[in-house]
1. May I ask you to list the residues in segment 479-534 that are assigned to a loop (DSSP other than H, G, I, E, B) and either among the acidic types (Asp, Glu) or crowded, with 17+ Cβ neighbours inside 10 Å (or both)?
2. So if I check each of Arg397, Arg410, Arg362, which one is of a type in the set (D, E, K, R) and farther than 23 Å from Ala185 by Cβ?
3. If Arg153 meets every condition in (1) surrounded by fewer than 19 Cβ atoms within 10 Å (Cβ to Cβ); (2) more than 17 Å from Gln104 (Cα to Cα); (3) without any contact (Cβ under 8 Å) to a residue 24 or more places away in the chain apart from one, which number is that one?
4. Out of all the residues in segment 45-53, is one or more within 15 Å of ligand 2 (Cβ to nearest atom), under 22 Å from Phe272 (Cβ atoms) and either touching a Gly at 6+ places or on another chain (Cβ under 9 Å) or in contact (Cβ under 8 Å) with a residue 12 or more places away in the chain (or both)?
5. Could you say whether any residue in segment 216-225 is within 26 Å of His150 (Cβ to Cβ), within 16 Å of ligand 2 (Cβ to nearest atom) and of a type in the set (S, T, N, Q)?
6. Within segment 174-214, count every residue that is part of a helix (DSSP H, G or I), surrounded by 15 or more Cβ atoms within 10 Å (Cβ to Cβ) and of a type outside the set (A, V, I, L, M, F, W, C).
7. Kindly indicate the residue of segment 239-286 that is over 30 Å from Ser313 (Cβ atoms), buried (at least 21 other Cβ atoms within 10 Å of the Cβ) and touching a residue at least 60 places away in the same chain (Cβ under 8 Å) and also nearest to ligand 1 (Cβ to nearest atom) among those meeting that condition.
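The values are calculated or read from the model by the stated rules, or taken from the named source; none is laboratory data. It should be emphasised that the depicted structure is a prediction, and the values quoted were computed from it without experimental measurement. Here the Cβ positions follow ideal geometry from the backbone for every residue, glycine too, while neighbour counts run over all protein chains shown.
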Amino acid sequence: MNQNTDILTSLNPEQADAVTANNGPVLILAGAGSGKTRVLVHRIAWLIQQQQVAPHDILAVTFTNKAAKEMRVRIESLLPFSIAGMWVGTFHGLANRLLRAHYQQAKLPQTFQILDSADQLQMIKRICKDLELDPKKWPPKQFQWMISDHKERGLRARHVNPEGDYQLQKMHTVYQQYEETCQRAGVVDFSELLLKAHEVLLENPTILEHYQQRFKHILVDEFQDTNKIQYAWLQLLSSQHKGIFAVGDDDQSIYGWRGAEVENIRNFSNEFPNAQMVKLEQNYRSTSNILNAANALIENNAQRLGKKLWTDSGEGDRITLYGAFNEIDEAEYVIKQINRLARDGVRHDNVAILYRSNAQSRLFEEQLMRSNIDYKVYGGLRFFDRKEIKDALAYLRLIANPHDDAALTRIINRPTRGIGAKCITSVQARANAEGITLWQAIETLTKGTELTARTAYVLIKFTQLIESLQQQSTTLSLEDMVTNVVETVELHTLYEKEAPESAATRRENLIELGNAAAQVSSELDGEDPLSTFLAYTALESSEEDDETADRNCVQLMTLHSAKGLEFPVVFLTGMEEGLFPHSRSMDDPDQLEEERRLCYVGITRAMQQLFLTHAHVRRMFGEAKYSMRSQFIEEMPEELITDVSLPAKPKAAPISEPTSLFDEPDMEGMPFYLGQHVAHSKFGEGVVLNIDMQGVHPKVEINFNDVGNKLLNMEYAKLTPLE
Ligand code: ATP
Ligand code: MG
């Protein structure tokens, strides 16, 4: 058997057609689990193996670092050699690579640093403070959101015309200041990476031509989630060879809130007039019960390109539905099922617990810990976001670039060295007044006469510390640079003092940072070690890949981070109105459709077993809330679901802490209780399923014997209790 058939034998005819499609634009629009990612990976292997395309001429882009790594591994497993030289990565990773190569054209220092969103928020807070904006009236987070949103749409401050709009004027001022501060400090935030890389291409025809020539094949996974600037990138780079191969599913577009544009898929054939369109309709991932539930759900969306999806893998188990008494009961139920599955031989790492928002993970974590089940939370606090790591990195960032204001602010008095808040404020005032960086302001101030001798002394000591670290680093390996910083600055002593109980963990983590540095330096290919390492820490979130790759642990993640993945057993939790779909989407049909797509993504992660859970009462942000179960549950065909909920009548005994939420005083005087039999003049008899006391008009959900579930306004419903 030759390699050609090898690559194609594990594909169905449509998939094989897609893999071997002629050069030119190709769009594969297909539902979940139909093999899109598989086709993309095989296409790359086929191009290299059969079409003698050099890995160097291929650009492959996907959404997460995890997916990019997996893609590389999968391609290499299909080929007898390595594919070093091929650009595989996320949009951000690739933009970073481009900017490193062309930092001069990007008007950035060679050692430019990447600002993560926490650093970005800090910087915006400082700007707002300088502008004397009351954070209550002008939440910095909102400015952060607006700035990113503008950048993602390709708009700089100078493109915004704020005339006649007071709010926009403020935003504009903050945006402008923010741009200037970043430029001075030589730092770029995440959306800036993309925007700037795009500008470099646009403004430098020779650079653009070089990459247009080079990338004969550009392959994009999860195409439905590309935003405007990412799409502009792809158009620009592919405009010469038109070798764009995009795979996606409009039904899985879940980043509209971050500027992703499903229109990109819808417009593909206009943009690339002779594009080949391929449909894949067979799902290889899920049983037909799971798939049919997903299909039925997504039918409720009006805005769809419309696709069919079938499977021949058999019905499988029915979907299990559990309506929990409260969120603790929900977590206990999930853990009980995981234990039961384990007894039946299901490995923990075959199980995923998915939820709408990060905050939901905590209870599952507690219960898993209590039951001694190993677990891994994806998208939780990243290794590189930990305090001790950020401290050490801030020193490293100043070594690379002393004008990095965010890094300087973090550690100027950490550990304490007598540089007080007042002193820092005057440094900042000077920097603002002269439009210079904090580092430059310190230099100016310490040369002048305004400071007291003591203040000038401590500031000079600080700059000397950074300069001597810089000096030492010229002869040190990356790994030793890390150790040198930690020891010279005496970080361990700091943590011993701050929180002795966690000092040991922090020590271990700092050692781990050294290991990460060693790993990066072993993979260097002529790049500057420190800048490469710092970019890596900002862009990679992948401690989980290395550290827990072989651990047999239950996987916890938000629905957003589950995209593209698959698990034999999936728990879709917190299926409640207001939580999922999210309350923000309730009165916006477009957002509600996005929530539904998110639910579709969740359902279609499951291969063999799917559990849906919801809680009648959930304590969130310190408040107990009664919720109706998610409308998405109602949208799945009843015959596919087995409801194992306990009768919903109030229980006398609490399941565990906190005490029975049904005794809350706000239920006092409630005309109805869950499980109660009632009659309605038009709909006949039914049972109370849910009570929603939130909002101006309390609602009650009733399952009527004749007409099914109805959501009624409690004040107007004219219900007669039957007991
Ligand atoms: P998603 O929309 O969730 O990203 P996808 O369309 O990218 O899904 P893949 O992840 O590529 O789908 O494939 C889903 C599963 O089906 C994988 O386990 C894959 O290996 C398997 N699969 C795909 N095509 C085939 C095939 N022809 N034969 C056997 N298994 C297949
Ligand atoms: Mg995929």
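1. If we filter segment 479-534 for residues that are assigned to a loop (DSSP other than H, G, I, E, B), which is where we start, we get 489-490, 499, 523-528.
Val489, Glu490, Glu523, Asp525, Glu527, Asp528, listed by residue number.
2. Details: Arg397 fails: farther than 23 Å from Ala185 by Cβ; Arg410 fails: farther than 23 Å from Ala185 by Cβ.
Arg362 is the lone residue from the list that is of a type in the set (D, E, K, R) and farther than 23 Å from Ala185 by Cβ.
3. That leaves (3) as the condition not met.
4. Just the residues of segment 45-53 that are within 15 Å of ligand 2 (Cβ to nearest atom), to begin with: none.
No, there is no match, as no residue in segment 45-53 is within 15 Å of ligand 2 (Cβ to nearest atom), under 22 Å from Phe272 (Cβ atoms) and either touching a Gly at 6+ places or on another chain (Cβ under 9 Å) or in contact (Cβ under 8 Å) with a residue 12 or more places away in the chain (or both).
5. Checked segment 216-225: at least one residue is within 26 Å of His150 (Cβ to Cβ), within 16 Å of ligand 2 (Cβ to nearest atom) and of a type in the set (S, T, N, Q).
6. Of all residues in segment 174-214, those part of a helix (DSSP H, G or I) come to 174-185, 190-203, 205-214.
Checking the rest, the ones that are also surrounded by 15 or more Cβ atoms within 10 Å (Cβ to Cβ) come to 174-179, 181-182, 184-185, 190-201, 207-208, 211-212, 214.
Then keep just the ones that are of a type outside the set (A, V, I, L, M, F, W, C); that gives 175-179, 181, 184, 191-192, 196, 198-199, 211-212, 214.
Matching residues across segment 174-214 total 15.
7. Ile244
Residue-by-condition table, conditions (1) within 16 Å of ligand 1 (Cβ to nearest atom); (2) under 24 Å from Ala562 (Cα atoms); (3) in contact with a Leu (Cβ under 8 Å, 6 or more places away or on another chain):
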{"residue": "Leu11", "(1), (2), (3)": "yes, no, no"}
{"residue": "Glu14", "(1), (2), (3)": "yes, no, yes"}
{"residue": "Gly24", "(1), (2), (3)": "no, no, no"}
{"residue": "Val61", "(1), (2), (3)": "yes, yes, yes"}
{"residue": "Lys69", "(1), (2), (3)": "yes, yes, no"}
{"residue": "Arg72", "(1), (2), (3)": "yes, yes, no"}
{"residue": "Phe81", "(1), (2), (3)": "no, no, no"}
